[in-house]
Amino acid sequence: MTTAVLPYERKMETGFDDGDVAVRVDDVVKTYGAGDSAVVALRGVDLEVKAGELMMLVGPSGCGKTTLISVIAGILDQDSGECRVFGQDYHRMTAREKTRYRGETIGFVFQAFNLLPTLTAAENAAVPLLINGVPRKQAVERAREMLAKVGLGDRGNSLPAHLSGGQQQRVAIARAMVHGPRLIVCDEPTSALDEHTGKRVMELMRDVALAEGRSLIVVTHDARIFGFADRIARMNDGRIESVVTSM
Amino acid sequence: MNFVALKMLVGDRLKYLALIAGVSFAALLITQQASIFAGYTLRTGSWIRETTAGGADLWVMDPQVEFSEGPKPLADTALQRVRGVSGVAWAAPLYKGWLECRLPDGSKKRVRLIGIDDATLAAGPAQMVEGKLEDLRRDRAVIVNIDDAASILALDRAGGRPLRVGDRLDVNDNESVVVGTYRAAKEFFWEPVVYTTYTRALSFAPRQRRLLSYVLVKVAPGADAAEVARGIKNATGLDAHTGHEFEWITAGYVLKKTGILINFGMTIGLGFVIGLLVAGQTFYTFVLDNMRHFAALKAMGAANWTVLKMMCLQVLTVGSIGYGIGVGGASLTGAAFHSIGLAFQMHWLIPVLGAAAVIVCCLASGGLGMLRVLRLEPSVVFKG
């Protein structure tokens with residue numbers, strides 16, 4: 001049986017030579033619409049996320065947090081400025097290269113979990129591996145190992161509907177990590193969870209996700225979890241107002 | 001990702017079954033109606049086929065003949081002139097006329113009287129049930145179709161018993177006696193058929209200057225039928241067609257002059273449209289319901305091509321299963337109603353064209369959803 005080599009297991013073939021910087025955003029501008037109805041979502045954002053760091057993006061609704069992580073994740077194109085992820089500039093990639101790079105390098109945790117309801121927990125967690133071409137059996141096996149790491153080793157065969165909100169988000173975290181991405185972006189990962197569960201999920205993210213030297217960018221409103229961040233970037237009206245080290 | 005696509009598809013049982021049902025219904029309607037249409041079309045040539053099976057290679061007729069049931073009588077001399085054409089091994093006269101017939105119970109029916117060559121009995125029914133074809137040489141003898149004897153020619157005024165051997169008929173006021181019954185393939189045309197000899201048929205028929213309907217020709221060994229047909233045309237001015245050609249001429253006439261083609265065409269078209277609408281509506285709803293999942297897959301690195309392949313697999317799976325159920329259902333319908341005489345002929349081309357229609361139906365219904373997913377920005381996953 002051949003074993004697929006995952007991105008974090010091999011030396012990056014990219015020109016990453018930026019030391020400990022995972023993400024560098026320089027003067028990024030993004031506008032939705034045009035003319036009178038144009039809405040400027042990002043007004044020249046500068047941000048740096050270090051490797052192995054948990055960075056939180058906070059700020060009021062509509063301040064541009066989601067737009068910024070979409071640009072960082074390579075699922076939205078900025079109008080101007082530069083966004084480099086592990087030294088790679090999305091603007092220099094074709095759409096196909098960007099999709100592939102995203103699939104190998106970035107993991108996603110969504111607010112609404114976005115688990116496929118008809119797939120078991122293990123199958124859901126295996127999706128990024130399947131996208132990257134890992135054979136099904138091998139992918140599900142690895143997904144089960146990852147589920148065990150997030151404390152769901154015995155729930156691999158459960159459908160999402162049979163799991164609690166916290167368990168579903170843990171499956172989502174396993175899915176975000178299973179293919180060994182170097183960056184995980186999380187959109188409001190605790191907003192659908194109660195305080196206790198939310199804290200447990202964040203503990204898990206710190207303990208498991210950061211343990212392998214990954215970087216995490218978490219968009220959140222939830223002040224209860226600010227304490228889990230290494231640094232907090234506060235946004236307002238499309239700009240980064242401040243970046244502070246968490247206490 | 002095929003596995004993910006299939007699990008997404010079958011996960012929502014209700015939608016999955018609705019999709020299958022839509023495509024099955026379309027496939028059933030398309031193939032069943034097309035098969036019945038083919039069955040009826042084939043039946044228009046039944047009599048020609050059975051008659052040709054008697055050994056004739058060519059049918060000689062007036063050039064104005066448009067179909068088998070509309071013979072234009074020829075001069076008696078036509079028979080001899082055809083016999084004189086090079087390449088003709090034998091030529092036999094054939095009479096076909098519509099006469100009134102009084103049954104033993106006194107009821108009157110219009111029958112197709114067929115008069116076959118007295119000497120050779122060529123072109124007589126191939127499958128006798130009671131009696132022998134040679135019995136036609138007996139005095140005033142006729143033979144009848146066994147299915148007609150039990151249905152149209154049944155003696156309604158005598159308790160509905162079938163007409164049988166020994167019964168006496170008056171064909172155009174000429175007394176005759178049933179000496180046999182035969183079985184033949186069902187026909188599109190419905191008047192009962194009564195066979196007798198050519199000479200007797202002429203004596204039954206109303207007085208006319210010309211009474212010869214067709215001349216049946218056997219081509220001599222080694223001669224080319226098309227060449228002989230041209231020779232007959234040149235020598236007599238009459239048309240000569242092979243049985244197969246005559247079948248197509250008849251079928252073409254019936255399709256052109258009746259609403260059968262339009263009716264079946266509309267039903268087949270309706271099946272296609274209904275299938276398209278049901279499958280399209282359901283598949284589009286399925287896609288809309290799964291839009292955020294497709295967006296998540298795209299965000300996680302699934303290329304547009306991968307997502308497209310997933311959706312094609314879903315559409316083709318539904319299409320294949322629906323098509324199988326539909327064609328199976330159509331075949332079962334054909335088998336179930338065969339005994340009551342349903343004209344059903346599933347020519348190999350029908351399932352092939354049915355498959356093409358189902359593929360078009362599925363791709364058209366899935367196409368809109370695919371277009372939406374292809375245009376879907378993966379960033380929508382972050383918008384709640």
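The values are calculated or read from the model by the stated rules, or taken from the named source; none is laboratory data. From a predicted model like this one, the values you see are computed outputs, not experimental measurements. FYI the Cβ positions are ideal-geometry reconstructions off the backbone, even for glycines, and counts take in every protein chain you see.
Some notes on this structure:
- Here is the figure for the stretch A:34-79: residues that are within 14 Å of another protein chain (Cβ to nearest Cβ), surrounded by fewer than 22 Cβ atoms within 10 Å (Cβ to Cβ) and at positive phi total 1.
- Flag for A:V127 being β-branched (V, I, T), more than 27 Å from A:Q88 (Cβ to Cβ) and out of contact with any strand residue (DSSP E or B) (no Cβ under 6 Å at 6 or more places or on another chain): no
A quick yes/no check of all residues on (1) within 12 Å of chain A (Cβ to nearest Cβ); (2) not in a helix (DSSP H, G or I):
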{"position": "B:F272", "(1), (2)": "no, no"}
{"position": "B:A295", "(1), (2)": "yes, no"}
{"position": "B:V307", "(1), (2)": "yes, no"}
{"position": "B:C312", "(1), (2)": "no, no"}
{"position": "B:L316", "(1), (2)": "no, no"}
{"position": "B:S320", "(1), (2)": "no, no"}
{"position": "B:H347", "(1), (2)": "no, yes"}
{"position": "B:A357", "(1), (2)": "no, no"}
{"position": "B:L368", "(1), (2)": "no, no"}
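- Checking B:S176 against (1) part of a loop (DSSP other than H, G, I, E, B); (2) among the small types (G, A, S); (3) touching a Leu at 6+ places or on another chain (Cβ under 6 Å), the condition it does not meet: (1)
- Here A:G165 fulfils each of the conditions (1) over 24 Å from A:P60 (Cβ atoms); (2) at pLDDT 90 or above apart from (2).
- Residue match in the stretch A:105-119 (condition: aliphatic (A, V, I, L, M), assigned to a helix (DSSP H, G or I), more than 18 Å from the chain's Cα centre (by Cα) and within 22 Å of B:R292 (Cβ to Cβ)): no
- Residues that are more than 20 Å from A:M177 (Cβ to Cβ) and either facing chain B (nearest Cβ under 7 Å) or not β-branched (V, I, T) (or both) within the stretch A:89-114 comprise A:D89, A:Y90, A:H91, A:R92, A:M93, A:A95, A:R96, A:E97, A:K98, listed in sequence order.
- B:A356 being surrounded by fewer than 16 Cβ atoms within 10 Å (Cβ to Cβ) and either at pLDDT 80 or above or in contact with a Leu (Cβ under 6 Å, 6 or more places away or on another chain) (or both): yes
- The test for being of a type in the set (K, R) and part of a loop (DSSP other than H, G, I, E, B) holds for A:R155.
- Of the residues making up the stretch A:116-132, just one is within 9 Å of another protein chain (Cβ to nearest Cβ) and touching a residue at least 60 places away in the same chain (Cβ under 8 Å), namely A:N132.
- Among the conditions (1) part of a loop (DSSP other than H, G, I, E, B); (2) more than 9 Å from chain B (Cβ to nearest Cβ), A:A139 misses just one, which is (1).
- Filtered by the rule that a residue be among the β-branched types (V, I, T) and out of contact with any Asp or Glu (no Cβ under 8 Å at 6 or more places or on another chain), the stretch A:81-138 gives A:V85, A:T94, A:T99, A:T105, A:I106, A:T120, A:V127, A:I131, A:V134.
- When A:P189 is tested against (1) under 16 Å from the mean Cα position of the chain (by Cα); (2) free of Cβ contacts under 8 Å to residues at least 60 places away in the same chain; (3) in a loop (DSSP other than H, G, I, E, B), only condition (2) is not met.
- Counted residues, the stretch B:370-384 - those being surrounded by 13 or more Cβ atoms within 10 Å (Cβ to Cβ) and part of a loop (DSSP other than H, G, I, E, B): 2
- Residue check: B:G259 meets all listed conditions (1) more than 14 Å from chain A (Cβ to nearest Cβ); (2) more than 22 Å from the chain's Cα centre (by Cα); (3) not charged (D, E, K, R) but one, namely (2).
- Residue match in the stretch B:299-321 (condition: of a type in the set (G, A, S), in contact with a strand residue (DSSP E or B) (Cβ under 7 Å, 6 or more places away or on another chain) and more than 14 Å from B:A26 (Cα to Cα)): yes
- Scanning the stretch B:72-104 for residues being among the small types (G, A, S), farther than 20 Å from B:P221 by Cα and buried (at least 20 other Cβ atoms within 10 Å of the Cβ) gives a total of 2.
- For B:F272: the one exception among (1) surrounded by 20 or more Cβ atoms within 10 Å (Cβ to Cβ); (2) within 17 Å of B:G369 (Cβ to Cβ); (3) out of contact with any Gly (no Cβ under 9 Å at 6 or more places or on another chain): (2)
- Residue check, B:M8 within 14 Å of chain A (Cβ to nearest Cβ) and surrounded by 23 or more Cβ atoms within 10 Å (Cβ to Cβ): yes
- Residue in the stretch B:321-339 that is among the aliphatic types (A, V, I, L, M), touching a Pro at 6+ places or on another chain (Cβ under 9 Å) and buried (at least 16 other Cβ atoms within 10 Å of the Cβ) present: yes
- The number of residues in the stretch A:207-247 being outside any strand (DSSP E or B), of a type outside the set (A, V, I, L, M, F, W, C) and surrounded by fewer than 16 Cβ atoms within 10 Å (Cβ to Cβ) comes to 8.
- Members of the stretch B:174-203 found to be without any contact (Cβ under 8 Å) to a residue 40 or more places away in the chain and either closer than 15 Å to B:T51 by Cα or hydrophobic (A, V, I, L, M, F, W, C) (or both), listed by number: B:V177, B:V178, B:W190
- Any hit, the stretch B:275-286, residues being within 14 Å of another protein chain (Cβ to nearest Cβ) and either in a helix (DSSP H, G or I) or within 20 Å of B:Q33 (Cβ to Cβ) (or both): yes
- Taking the criterion of being surrounded by fewer than 21 Cβ atoms within 10 Å (Cβ to Cβ), out of contact with any Ser or Thr (no Cβ under 8 Å at 6 or more places or on another chain) and over 22 Å from B:E247 (Cα atoms), the residues of the stretch B:168-196 that qualify are B:N172, B:D173, B:E175, B:V177.
- Taking the stretch A:35-66 as the range and being assigned to a helix (DSSP H, G or I) and more than 21 Å from A:F226 (Cβ to Cβ) as the test, the residues that pass are A:G35, A:D36, A:S37.
- Within the stretch A:7-31, the set of residues being at pLDDT 90 or above and more than 14 Å from A:V85 (Cβ to Cβ) comprises A:D27, A:V29, A:K30, A:T31.
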